[in-house]
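Peer 1: Below is the structure I would like to discuss, written out as structure tokens.
The values are calculated or read from the model by the stated rules, or taken from the named source; none is laboratory data. Here the structure is a predicted model, which means the values were calculated and not measured. Note that each Cβ is placed from the backbone with ideal geometry, even for glycine, and that neighbours are counted across all protein chains shown. The accessibility values were calculated without ligands, DNA or RNA, using every heavy atom of the protein model including side chains. Shrake-Rupley method; radii C 1.70, N 1.55, O 1.52, S 1.80 Å.
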There are 2 protein chains.
Amino acid sequence: MNSQAEPLCEEPHSHRRDTRKPGVDEAALGRAAELFAALGDPPRLRLLALLAQGPACVSDLAEDEQEGMSTISQRLKVLRSASLVRRRRQGKHVIYALADQHVVDLVFNALAHASEAQVVGESKE
Amino acid sequence: MNSQAEPLCEEPHSHRRDTRKPGVDEAALGRAAELFAALGDPPRLRLLALLAQGPACVSDLAEDEQEGMSTISQRLKVLRSASLVRRRRQGKHVIYALADQHVVDLVFNALAHASEAQVVGESKE
DNA sequence: TCATCATTTCAATAATCGTTCAACCAATGA
DNA sequence: TCATTGGTTGAACGATTATTGAAATGATGA
């Protein structure tokens with residue numbers, strides 16, 4: 001798995017002493033990663049942006065997105081298992097909404113931050 | 001692409017009138033999604049958590065993670081193209097660090113939030 | 001009960017993503 | 001200049017993931 005042999009850094013370089021903390025909580029890290037991963041897909045994030053305008057049922061979302069209900073349902077499933085959205089039944093319909101204010105803020109902040117930040121000398125490196 | 005025919009919702013249901021705003025800025029949404037996607041992988045997020053403790057060169061990160069340098073370098077590449085980390089040369093070494101305080105906060109908040117939130121009646125549904 | 005509408009699940013396919021090794025590039029010191 | 005060390009890149013492979021239509025589930029009203 002590790003390709004290079006032992007003698008990597010016998011002599012310490014100028015930066016960094018070995019003050020690394022033992023380990024980050026792996027379980028928490030996994031949950032955080034799952035949450036980010038759910039957000040990290042344009043179609044799913046668009047769905048959240050849509051829901052940030054208010055609750056909606058699957059068929060309405062499907063129409064808004066011009067996609068099949070199956071597709072939307074699958075996307076919502078991912079968002080739901082990351083606890084980003086909640087659902088309730090209303091007659092024949094299932095209404096989805098952002099899980100809480102925390103998620104609302106997260107979505108708005110992400111979009112706001114991504115709306116600035118370009119053009120301003122951020123060309124390539 | 002869309003499987004069902006026209007007559008989906010001729011009669012409006014009780015919820016939601018068609019007050020949807022025309023469209024979210026697709027470019028911003030794409031950048032936000034790319035950022036989240038970069039964060040949405042445990043090994044990459046662990047790397048950021050490591051860098052949250054201070055800058056480090058690739059070989060040190062590789063040793064900490066017990067992985068090959070190539071692997072670490074590829075992960076850093078993803079983080080870098082999402083503007084999450086910056087790099088500078090120091091002699092033979094390339095030192096990576098979190099891009100700015102904003103990213104530091106993001107990482108800490110994500111881990112903090114993911115550290116709570118379980119066990120508290122959040123079993124499955 | 002049956003028929004219908006809204007939604008979910010299943011399974012297959014396609015597309016994307018992460019890891020790895022080998023080759024390559026960059027900086028240093030002899 | 002060459003040899004060495006640190007880092008990156010490219011390509012191939014395996015593993016995940018998203019999408020889709022078809023079949024199954026749930027709720028409603030006749």
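Peer 1: Go through (1) open to solvent by less than 60 Å² (accessible area, probe 1.4 Å); (2) modelled with pLDDT under 95; (3) more than 7 Å from chain A (Cβ to nearest Cβ) for B:Ser115 and report which single condition fails.
Peer 2: (3)
Peer 1: Considering only residues that are touching a strand residue (DSSP E or B) at 6+ places or on another chain (Cβ under 8 Å) and at the interface with another protein chain (Cβ under 7 Å from one of its Cβ atoms), which ones fall in segment B:58-71?
Peer 2: The answer is B:Ser59, B:Asp64.
Peer 1: Going by what's in this entry, would A:Gly40 be described as within 11 Å of DNA strand C (Cβ to nearest atom), open to solvent by less than 60 Å² (accessible area, probe 1.4 Å), more than 21 Å from B:Pro22 (Cα to Cα) and not aromatic (Phe, Trp, Tyr)?
Peer 2: yes
Peer 1: Could you list, in sequence order, the residues of segment A:20-54 that are part of a loop (DSSP other than H, G, I, E, B) and farther than 17 Å from A:Lys77 by Cβ?
Peer 2: Once the filter is applied, which keeps residues that are part of a loop (DSSP other than H, G, I, E, B) and farther than 17 Å from A:Lys77 by Cβ, segment A:20-54 yields A:Arg20, A:Lys21, A:Pro22, A:Gly23, A:Val24, A:Asp25, A:Ala52, A:Gln53, A:Gly54.
Peer 1: Another one. Would you mind stating whether B:Ala62 is of a type in the set (A, V, I, L, M, F, W, C) and over 12 Å from the mean Cα position of the chain (by Cα)?
Peer 2: Judged against the criteria, B:Ala62 is a match.
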